[in-house]
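A short write-up of the structure that comes next.
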Amino acid sequence: EDSMLDGVRKETVVTIEGEVTRRDPETVNPKISTGTVELRAASLSILGKVMENLPFEINASTDTKEEVRLKYRFLDLRNKKVKDNIILRSKVISFLRSEMERLGFTEIQTPILTASSPEGARDYLVPSRKHPGKFYALPQAPQQFKQLLMTSGFDRYFQIAPCFRDEDARADRSPGEFYQLDMEMAFATQEDVFAVLEDVLPPIFAQYGTYDRASSAPFTRIPYTEAMENYGSDKPDLRIDLRVQDVTSVLGSCGFEPFAEGNLVKAVKVSDFHETRKFIDKTLTDVETVSGGKAYWFRMDENGELVGGISKFVTPIKEKVVEALGLKANDFVALSAGKRDAALKTAGVLVKTLGAAVPGHMDKEQYAFCWIVDFPMYEIGDESGELEFCHNPFSMPSGGLDVLLKAEKGEIDPLSITADQYDLVCNGVELSSGAVRNHDPEIMIKAFELVRLGEEDVKAKFPAMYNAFTYGAPPHAGIAPGVDRMVML
């Protein structure tokens, strides 16, 4: 009865009693779960009053300003669209857990209050009540704990692990805390780790994903240097068919100042291009904003003439350029130039931006996975100008002790040493990094000696791990895909 609802505001919590009956045929609604029945109300009692005006309509909460949504997050979560994301995350975690258990992994919780360990970001610190002036750190990842578990004789460990990093929010990164499926395997190679994730992940994306196609095992493997040269990124989006080409030898001497001696010139060719000048300007401006580098262009019109952008510099060497790039009518060429890293970074942003913006170059409705392998072990530090670890000092150098001794003697360039380290990338998003770990104290010390740190430094930086490894550690390898990124995708 209408009179029962007098003065009862929307979102009030109520109990209604009455008789459940079939709906009249004209009011049947197959789209809702109660579409064939209705409740004839006899009485209504209020359990939870709404005292204030609602700050927004629940069903339109996603259109509300973010600050307001977060202030009233409990109301925002009443919106089915928002609530479903939380439920999806719960299902994904439940699925991950059951799959890892099926594969014989043991779930172990590692400490949250811990000592600081170098993981590459800033620690969150917790002051100690008992030891004034001293602090616990929250773990940036359970890295050292899981490696200690391997030395303790646990064969396969996993954990849905919270990680705490004091860093700024980015488009693909939650600030503060995030969760990962942390795993480690004893007596394992890179192949063993790949086999587990290639078994566990595709069914999750197939079952819960927006798209109904996901790469099947084995995923494409791309060496790091090849990914950088061909995609301008170590997170390539394989749904895009564009590639980076090196045209330094062709265009370096064309007389265009930014392509001059000492700079590399990279090109991204887009075929079947029919966009406007306005589109070109806007897209290349977007690229420059993201990459911090300059982008240049020219195109071949339907008559086979080179037009627009820097075409006046390219036309005199047209034949060489047409041959090098395999140019046809209606091809568009975007270019970047500069020192290697800068030129590649801008080229990588060109690939992703043009691939997504120009019709016909991105097969979007799928999950395209790939492994990036053979990361460099060392690099020359920007600030120090000296040899430094590139990513993870815990990784095993490919070739073990032999290759480090050769580098020490000067027989090989230390920059040529790769690590048994790998990233899993999906649709241009890095899902996880992992590695075969360096479990041998002798190899560990030699790896650190190349970056001018001695045995005492290793013991000081990683006392627990170094100590444990001197008591017979099995070879081990692991990885940790981000749960939040998985749900985002």
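The values are calculated or read from the model by the stated rules, or taken from the named source; none is laboratory data. Just so it is clear, the structure is predicted and the values come from calculations on it, not from any experiment. Using ideal geometry, Cβ is built from the backbone for each residue, glycine included, and neighbour counts are taken over all protein chains shown. Accessible surface areas use protein heavy atoms only, side chains included; no ligands, DNA or RNA. Shrake-Rupley method; radii C 1.70, N 1.55, O 1.52, S 1.80 Å.
Residues checked against (1) among the basic types (Lys, Arg); (2) at pLDDT 95 or above; (3) closer than 19 Å to SER249 by Cβ:
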{"position": "GLY308", "(1), (2), (3)": "no, no, no"}
{"position": "LYS312", "(1), (2), (3)": "yes, no, no"}
{"position": "ALA343", "(1), (2), (3)": "no, yes, yes"}
{"position": "ASP382", "(1), (2), (3)": "no, no, no"}
{"position": "PHE389", "(1), (2), (3)": "no, no, no"}
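Checking the conditions here, which among SER3, SER61 is part of a helix (DSSP H, G or I) and either closer than 19 Å to ARG78 by Cβ or not hydroxyl-bearing (Ser, Thr, Tyr) (or both)?
SER61
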Do we have any residue at all in segment 35-44 that's within 24 Å of LYS80 (Cβ to Cβ), of a type in the set (Gly, Ala, Ser) and not in a strand (DSSP E or B)?
-> yes
Given the conditions (1) buried (at least 19 other Cβ atoms within 10 Å of the Cβ); (2) at pLDDT below 95; (3) over 30 Å from ASP237 (Cα atoms), which single one is not true for MET486?
-> (3)
Considering only residues that are assigned to a loop (DSSP other than H, G, I, E, B) and farther than 23 Å from MET183 by Cα, look in segment 64-103 and name the one that is most open to solvent (accessible area, probe 1.4 Å).
-> LYS65
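Those residues that are more than 20 Å from GLY326 (Cα to Cα) and either open to solvent by less than 50 Å² (accessible area, probe 1.4 Å) or touching a strand residue (DSSP E or B) at 6+ places or on another chain (Cβ under 8 Å) (or both), I need them from segment 235-274; list them, please.
LYS235, PRO236, ASP237, LEU238, ARG239, PHE256, PRO258, PHE259, ALA260, ASN263
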Helices (runs of 4 or more DSSP H) completely within segment 375-489 that count 1 or more residues being of a type in the set (D, E, K, R), under 17 Å from LEU148 (Cβ atoms) and over 24 Å from the mean Cα position of the chain (by Cα) | 455-461
State whether one or more residues within segment 217-226 are outside any helix (DSSP H, G or I), under 22 Å from ASP423 (Cβ atoms) and touching a Phe, Trp or Tyr at 6+ places or on another chain (Cβ under 6 Å).
-> yes
Pairs only if they're at least six apart or on different chains, beta carbon under 7 angstrom, first in segment 182-199 and under 12 Å from LEU103 (Cα atoms), second among the basic types (Lys, Arg); list them, first residue then second.
-> MET185/ARG156
Any chance segment 140-151 includes a residue that's surrounded by 14 or more Cβ atoms within 10 Å (Cβ to Cβ), within 20 Å of the chain's Cα centre (by Cα), under 27 Å from MET377 (Cα atoms) and among the β-branched types (Val, Ile, Thr)?
-> no
Being hydrophobic (A, V, I, L, M, F, W, C) and surrounded by fewer than 13 Cβ atoms within 10 Å (Cβ to Cβ) is the filter here, so list the residues in segment 47-63 that pass it.
-> LEU47, MET51, ALA60
Only unsatisfied item for GLN109, checking (1) farther than 30 Å from ALA206 by Cα; (2) among the polar types (S, T, N, Q); (3) at pLDDT 95 or above; (4) open to solvent by 70 Å² or more (accessible area, probe 1.4 Å), is (1)
So, first residue within 19 Å of PRO218 (Cβ to Cβ) and of a type in the set (S, T, N, Q) in segment 420-446, second residue part of a helix (DSSP H, G or I) and open to solvent by less than 20 Å² (accessible area, probe 1.4 Å), Cβ within less than 8 Å, six or more apart or across chains; the pairs are SER432/LEU197
Within segment 309-337, the residues that are acidic (Asp, Glu) and in contact with a helix residue (DSSP H, G or I) (Cβ under 9 Å, 6 or more places away or on another chain) are GLU323, ASP331
Scan of segment 275-318 for residues that are farther than 19 Å from ALA329 by Cβ, polar (S, T, N, Q) and open to solvent by 60 Å² or more (accessible area, probe 1.4 Å), ordered by number | THR285, THR289
Hey, among the residues in segment 6-19 that are open to solvent by 100 Å² or more (accessible area, probe 1.4 Å) and at pLDDT 95 or above, which one's nearest to LEU75 (Cα to Cα)?
-> GLU17
Residue ID - most open to solvent (accessible area, probe 1.4 Å), chosen from residues in segment 155-188 that are over 15 Å from ILE479 (Cα atoms) and touching a helix residue (DSSP H, G or I) at 6+ places or on another chain (Cβ under 9 Å) | ARG173
For THR353, state whether it is polar (S, T, N, Q) and open to solvent by less than 50 Å² (accessible area, probe 1.4 Å).
-> yes
What helices (runs of 4 or more DSSP H), lying completely within segment 305-367, carry at least 1 residues that are aromatic (Phe, Trp, Tyr)?
-> 311-314
Matching option when the condition is touching an Asp or Glu at 6+ places or on another chain (Cβ under 9 Å) and under 25 Å from SER395 (Cα atoms), among GLN109, GLN180 = GLN180
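How about segment 360-416: which of its residues are among the acidic types (Asp, Glu) and crowded, with 16+ Cβ neighbours inside 10 Å?
Hits for segment 360-416 are ASP374, GLU388.
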Is it true that some residue in segment 218-234 is at pLDDT 95 or above, on the phi > 0 side of the Ramachandran plot and either touching a Gly at 6+ places or on another chain (Cβ under 6 Å) or open to solvent by 60 Å² or more (accessible area, probe 1.4 Å) (or both)?
-> yes
Determine if segment 417-428 includes at least one residue that is surrounded by fewer than 16 Cβ atoms within 10 Å (Cβ to Cβ) and either modelled with pLDDT of 90 or more or within 15 Å of HIS476 (Cβ to Cβ) (or both).
-> no
